[in-house]
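Please read the structure below before turning to the comments.
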Amino acid sequence: MAITTEKLEMKSLPCVPLRGVVVFPQIPISIETTDKRWVHVCETASAGNTEVLFVTQKEMMPEDPAEKDLFRVGTAARIKQLIKLPDGTARILVDGTARMEITSFVFGTSGITAMGFVRFLNIDAAGGIHSEALLLNTVKSVEKMAHFLPKTSKELLMTVRGIKEPGLLADFIASNVLVKYTDKQAVLEEPNPVKRLELVNVLLESEEEILRTEQDIHAKVRQQIEQNQRSYYLREQLKIIQNELKGDNPLLFGDEEGEDGESLYDDDADELSEYSEKIRRCTEGAPAEVRQKMLKELKRLSKIPYGAAEGNVLRNYLDVTLEYPWTKKTKDRVDVKAARKVLDADHDGMEKVKERILEYLAVRQLNPDVRNQILCLVGPPGVGKTSIAASIARALNRKYVRVSLGGIRDEADIRGHRKTYIGAMPGRIVNAITEAGVNNPLILLDELDKLTRDTHGDPASALLEVLDAEQNKTFRDHFMELPIDLSDCMFIATANTLDTVPAPLLDRVEVIRLPSYTRAEKHAIATHHLIGKQCKRHGLNRRILRISDEALYDIIDFYTTEAGVRQLEREIASLCRKAAMKISDEGVKSCSVTRENLTSYLGKHKVKPEQIAAQNEVGVVNGLAYTEAGGDMLKIEVSVTPGNGHIELTGSLGDVMKESARTAITFVRSRTEQYGIDPDFYKNCDIHIHVPEGAVPKDGPSAGVTMTTALISELSGRAVRRDVAMTGEISLRGRVMAIGGLREKTMAAYKAGVKVICIPAENIPDLDDVAPVVMENITFYPCSHVDEVLAIALTEERPEQTCLSLIPEPLMTVSGTTGFPTASVGAEHK
C-alpha cells in the first residue's frame, strides 16, 4: 500500500497520563482511574465534546509524573462515556482519533497541557503484494498465539481476519494481543502503517516463543508432579500387598528385619536392599549397637515418602556411617630397628621424640594390648613438629591424617552437629578417621595452643574426652550418635607454647619439648635434606649447584634468625633460583657458592650477630634470654646520675622483668658496705636500667642476676668481665634460682664469643642438654648466691669515664665513588 498524503496539524490538548495502558487511534478502550484531577479533565472534555491527549508513563511508579517520566507520542481521543462507581473509581470509555507527536508539556495547577503535531495519513486502498502477504502472515501469527492463549475469543480472531488496512490491523493487535505496555508504545510511535505491521509481526513471534517455552516448562512440571503422585500411589499399593503377603509367608522378604520384626523393604526395594547389604558387610565384627542403629534408621527411611526432606537427612546419615571404617585397621610395625632407621632417615636430631616412640614399640613387642600414647610436641615454629609426626606414622606403618585446630572456636567442630540441622556433618575426629580409611590411624592435632572459644562452646573441653585414654573407648559424635572406639588411634598434638593450653587438657598428654636447632644441627639438616629437596624442586642437582660448608654456615649466621629451618630453606631456595637464572641466562653449566661469592647470590648480610664488647665496661653486663627464635644475648646497661632517687626502666620491659629490677635494687641496698657503695645512693641518685633493643618486648625473671651485677658495677665503679655472661632469677636474700631454656641461651653465648657463663646451681642437671660444642668451649660456674656471681664477674679495674671522639674514622674508599667521602676529604677531617 502506498502513502499518498500526509497532513500535520498543530494542537494543544489537556493531557491525562496513563500507567501501563496505551490508547490507539480508532480502537475504543475502557480505562479506570481514581485520580480526581484526571477525572475532572475527562468530564470537562466530555461536556464540551473536545479532545483529550492520553500519554503513557515510562514507569509505573510515579503518581505525579514529570516531563521526563512521559513518552513523547500519545493519542488524541474523545470521551464517549464516563461512569463514576460507588467506590470512587471512574470508568471512562475513550475513542482514539489520531497519533500526536508531543513537542512540549506545560504543567499547571489545573493539570498538564501538551502541545504537538497530530499526524493524519491518507492511504491508497488499492493494496499491493507485500502488504497482502504481510496481512496474511500477521493473521497466521495471531492464530498461532491463540493456541497458547485459551481465553482468546472467536470474535477477536474474526475481527483480525476482517481488517484489511495495515495500520489499523497493527493497532488492533497491539491493543488486544500484546502483553507488555512498552511493546504497545513502540507500535504507537511508528507512523508508517506497513512498518508498524512489520514490527507487530516481530513482537508476535517473540511473544509466541515466550509462550511456547512457558508451556513446555509447565508441561514438564506437571509431568513430574503426576509422576510423583503415581509413584506414591503405587508405593501405597505395594505396602498393602506386601503386608498381605507377609501374613501368608514372611520368608519371601528375607531375614533383614527391624526390632519389631517388620520388613525393611517397604520403600524403594532396590535402594533399601542395597543399603541393607552395605550394612551387613560394614558391621561384621562391629558392636551390635552400630548394626541396630543403622537398621533402625533404614526402617525409618522405608516409611518416609519419596522426596521428603527427612529422607535426604537419613540417606546422608547412612552414607556417612557406612563410610566409617568400623572394622578396618592396619598392622603396626613393631620392629624397633626398622622404625629407628625410618626416623633417622627423615630427621636429624630430635633424640627425645625418637627415643619415646622406640620405647613405645619396645613395650608393644612385650605387651601387644598396651594402649596408644598421647603425646604433645612443644617447641618454636619450624623445628619439625608436624613432619616428625608423619615420620612416626611411617615408622609405625600407620595411616597419617592431620587435623588443624588453629582458630577452632565451636565445640561442634570436634563433636559434630546434630543430624537434624541443615548442613550437619560429623566432627573433625570422625572425618579424620574416615579420611584415613582405618580406625587406628595416627592423628596429628596441629596447633593445640591456638584453640579459641565463644558462645558456641569450648572445643578444648570437647577434646578432654578425645585425649583421655580411659574415656575415648566410647567417644560419641553428635552426628553419628554411636560409640566410637578411639583407643586404637595414636594422637600426637603440637603447640608452640603451653601458656594457652588449659590445665585439664595438658594433664592428659605427655609433653615432649623440642628445643631449637643448634648451628651444627641446622647445617646437617640443610646438607642431608633441604639442599637436595630444593634442587629437585628447581630442576637442579648437587653436581650443578654446589654449596660449600663455609657458605652454608654463613647463611645460618648472617641470613637467618630462627629456632627452626624454614627461613634457611627459603634462603636455599633463593640460591637455587639465582643458579637457575645463571644457567639459563649466562649459559654456565654449574654454580659453586662459596663464602666469598655468597653476597652476589643473597645480597648483603641480613643479620648482625651479637658479639661481646672489645673491653671490660662498667655497668654493662652480658645477659642471656630465651625467645621463640631460640636463645639471644642481651646487654643490660645501668647508668647512675645525681638526682632524687628516681628509677627509670626502659627497653619494652614486661611486669616480671620490672619486678626483677626492683628486687635487684633492694638487694644492692643491703650490700652497700660490702661493695663500697654509698648507703644513700637510692636517695641521692637517679638509676636508669636499659635493655636494648628497645622495640623488642622482653619479660621474665631470668635477668635478675644480670641486673644486680650491672647495678653493683655502676655504683662501685668496678668493671665487668666482657667474656662473662650470666642468667638466673634472684631473691631478696640474693639466692640464685633456676631458669629455663638453658640450652638455647648457652648456644647464643657461644656464638657471641662468651668464655664463662654463670648459671643457677639448680640447673646443673640441665647441662646434659647443652650442645657438646658449647660444653667444650665455655666454662660453666654453678652459683647459689649472687655474691658468687659477683666474685667471678667483677674485676678490680676502675676505668675513668672518657669522652669518645665526636668525629668517627672516615670510610676509606676509591676516590670519586658516589655516595662516600674520598680518602682526601677524610684526611682533612682527621
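In angstrom, the C-alpha Rg and Dmax of region 607-683 are 15.0, 44. Here the Kirkwood formula puts the hydrodynamic radius of the chain at 37.8 Å, using every distinct Cα pair. With the simple spin-label model, which puts each label point 7 Å out from Cα in the Cβ direction, the residue 797 to residue 110 separation comes to 11.3 nm. Pairs exceeding 32 Å between alpha-carbon atoms, taken from 450/745; 303/473; 84/184; 239/278: 303/473. The solvent-accessible area of residue 755, taken with every protein chain present and a 1.4 Å probe, is close to 110 Å². Taking all protein chains together and rolling a 1.4 Å probe, residue 649 ends up with roughly 40 Å² accessible. Here the convex hull built on the C-alpha positions of region 435-478 has a volume of 112 cubic angstrom per residue.
Shown here are the Rg and Dmax of the Cα trace of region 714-795, at 12.6, 38 Å. Measuring spread by the Cα atoms of region 518-648 yields a radius of gyration and Dmax of 20.4, 73 Å. Between the alpha-carbon centres of region 63-89 and region 673-742 there is a gap of 97 Å. Only lysines eight or more places from residue 683 in sequence, or on another chain, were considered; those with a Cα closer than 22 Å are 658. A Förster radius of 25 Å, combined with the Cβ-Cβ distance separating residue 420 from residue 289, puts the computed FRET efficiency at roughly 0.80. With R₀ fixed at 30 Å, the C-beta to C-beta distance from residue 557 to residue 769 puts the FRET efficiency at about 0.85.
For region 362-458, applying the loop criterion from DSSP together with a ceiling of 16 other beta carbons within 10 Å to the trypsin sites (Lys or Arg not before Pro) yields 371, 409, 418, 453.
Based on DSSP H runs of at least 4 residues, each adding -39500 (n - 2.57), what is the mean residue ellipticity at 222 nm of the chain after dividing by all its residues, to the nearest 500 deg cm²/dmol? The helix-only estimate for the chain comes to -12500 deg cm²/dmol at 222 nm. Comparing 203, 505, 104 along the charge dipole axis of the chain, the residue lying farthest to the positive side is 203, per the Cβ-charge model.
What the Cβ-Cβ distance of residue 315 and residue 397 gives, at R0 = 41 Å and to the nearest 0.05, is a FRET efficiency of 0.70. For the chain, the share of accessible area belonging to carbon and sulfur comes to 52 percent (1.4 Å probe, ligands and nucleic acids excluded). Each part gets one Cα centre, and for region 362-417 versus region 164-226 those centres are 70 Å apart. Its residue count N fixes a reference of 2.2 N^0.38 Å for region 388-532, and the Cα radius of gyration divided by that reference is 1.16.
Between helix 288-302 and the chain there is an angle of about 10 degrees, using the helix long axis and the longest principal axis of the Cα atoms. Modelled spin-label separation between residue 179 and residue 596, with each label point placed 7 Å from Cα along the Cα-to-Cβ direction: 8.7 nm.
How do 34, 650, 779 rank by accessible surface area computed with a 1.4 Å probe, from largest to smallest?
The residues order as 34, 779, 650, largest area first.
Modelled this way, with points 7 Å down the Cα-to-C-beta line, the labels at residue 542 and residue 217 are 6.8 nm from one another. Taking 0.36 nm per residue of sequence separation and removing the Cα-Cα distance, the residue 154/residue 497 pair yields an extension gain of 114.7 nm. If you sort 61, 581 by accessible surface, 1.4 Å probe, largest first, the order is 61, 581.
Ordered from highest to lowest accessible area with the whole protein assembly present and a 1.4 Å probe, 232, 400, 317 read as 232, 400, 317.
How much accessible area per residue does the chain have, counting only protein heavy atoms and a probe of 1.4 Å, in square angstrom?
On a per-residue basis, 52 Å².
Any chance you could look up the accessible area of residue 658 with a 1.4 Å probe, heavy atoms only, rounded to 10 Å²? Its accessible surface works out to 70 Å², give or take rounding.
Averaging the Cα positions of each part gives two centres, and for region 633-669 and region 499-547 these lie 39 Å apart. For region 675-734, trypsin sites (Lys or Arg not before Pro) are listed when DSSP marks them as loop and at most 11 other Cβ atoms sit within 10 Å of their Cβ; the list is 733. Mean sequence separation of contacting Cα pairs (under 8 Å, at least six apart), scaled by the length of the chain, corresponds to a relative contact order of 7 percent. Give me the percent of Cα-Cα pairs in region 634-792 that sit more than 28 Å apart, rounded to a whole number. Percentage above 28 Å: 18.
The values are calculated or read from the model by the stated rules, or taken from the named source; none is laboratory data. All of these numbers come straight from a predicted model, not from anything done at the bench. So basically every Cβ, Gly included, is an ideal-geometry build from the backbone, and we count neighbours across all protein chains shown. These area figures cover heavy atoms from the full protein model, side chains too; ligands, DNA and RNA do not enter into them. Shrake-Rupley method; radii C 1.70, N 1.55, O 1.52, S 1.80 Å.
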